[in-house]
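Presented below is the structure to which this report refers.
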Amino acid sequence: MSKIVDLQDQIKELKDSNSELKDSNSELKDRLEDLEGRFMNFAKPCAIGQDQLWEVVFNDILKQPVPNGTNLRNLI
């Protein structure tokens, strides 16, 4: 009988641990989504600014065409 009670206790502990892990996972998912949104809000103006800076430096200052490279706007 004692073994059954022990197993029932272990099952209860595992269910509690599982519930805690699900809660923690949900919190981490929410935080990750928040950080992703904040990063996108930061990355968009950075990509635009970088593109504009290249144009100013090459077209206006150096009087040369802007070299081809990775368009960072496509990455966001």
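Any read-out appearing in this document is the output of simple, stated calculations on the displayed coordinates, not a laboratory observation. The model shown is predicted, which means the values in this text are computed figures rather than measured ones.
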From the Cα centre of the range 1-17 to that of the range 50-66, the distance in Å is 69 Å
Between the Cα axis of helix 2-55 and the main Cα principal axis of the chain, the angle (0 to 90°, nearest 10) is 10 degrees
Relative counts (whole %) of C-alpha pair distances in the chain, using bins that are 5 Å wide | 3, 13, 11, 10, 9, 7, 7, 6, 6, 5, 5, 5, 4, 3, 2, 2, 1, 0
